[in-house]
Amino acid sequence: MKIKKYNWKEKERTLLRFIKPGDIFFFENSPGEYYLGRIMAKSSLGHFAEIFANPVNNLDSIDIAAMQRVREPVILDSYSLFDRRAEGHWKIIASQEDYLTPVDEPVRFSYGAGPVRIKVDLLENEESITEEEAKSLPPYSPKGDFDVKEYLGIN
């Protein structure tokens, strides 16, 4: 795993067009308690991301290879979180240069209303599904700071 660390303490924000799969970020839950995550793929709504389990207190000595994902990936409102920094304290601190978006990842989201429901995967492949199947999938909508923390149960 090849990790390139950034001088993130001096960097105010990351413009949306520069966010890419493999970028490693943190967000602050409470003062001194940080959660890490990794951008998995770009989405028309933001970016698909995985959040890692255990919070860390020191961002200078992290081991991404040893970290495990908390739950299913989420769609981040990356414009509000990283570019505008309109909510929470989120920063991209490194990039895994050899990261490849997992093509066999069984992560799906759904959108639509009534009988017209669509299933979307990490590569944004779409497929029509039934209303019943759509109920078992998370909604295809971006999450902000509050939403991510609520989803993880740390809010």
Review point. For the range 87-117, what are the residues that are more than 23 Å from D145 (Cα to Cα) and among the aliphatic types (A, V, I, L, M)?
Key: L100, V103, A113, V116
Check your understanding: Identify, please: which residue in the range 7-48 is of a type in the set (K, R) and surrounded by fewer than 16 Cβ atoms within 10 Å (Cβ to Cβ) and is, among those, nearest to E87 (Cα to Cα)?
Key -> R13
**Study point:** In the range 90-113, residue nearest to M40 (Cα to Cα) [restricted to those that are part of a strand (DSSP E or B), among the aromatic types (F, W, Y) and touching a Pro at 6+ places or on another chain (Cβ under 9 Å)]
**Key:** F109
Review point. Farther than 26 Å from Y34 by Cβ, out of contact with any Asp or Glu (no Cβ under 9 Å at 6 or more places or on another chain) and among the aromatic types (F, W, Y) - does that describe any residue in the range 65-84?
Key: no
**Study point:** Residue within the range 138-150 that is in a helix (DSSP H, G or I), among the hydrophobic types (A, V, I, L, M, F, W, C) and over 16 Å from K42 (Cα atoms) present
**Key:** yes
Check your understanding: How many of the residues in the range 132-155 are of a type in the set (D, E) and more than 19 Å from R108 (Cβ to Cβ)?
Key -> 2
Exercise for review: Return the only residue of Q68, Q96 being touching a residue at least 12 places away in the same chain (Cβ under 8 Å) and surrounded by fewer than 17 Cβ atoms within 10 Å (Cβ to Cβ).
Suggested key: Q68
**Study point:** From G112, G144, G153, residue being touching a helix residue (DSSP H, G or I) at 6+ places or on another chain (Cβ under 8 Å) and on the phi > 0 side of the Ramachandran plot
**Key:** G112
Practice item. Note down all Cβ pairs under 6 Å where the first residue falls in the range 135-152 and is without any contact (Cβ under 8 Å) to a residue 40 or more places away in the chain, the second is buried (at least 17 other Cβ atoms within 10 Å of the Cβ), and they're at least six residues apart or on different chains. Key: L137/R108; L137/F109; L137/S110
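The numbers here are math on the coordinates, done by the rules we state, and not lab data. As the structure is a prediction and not an experimental result, all values here were calculated from the model. Because the Cβ atoms are built from the backbone with ideal geometry, glycine has one as well, and the counts that use them run over all protein chains shown.
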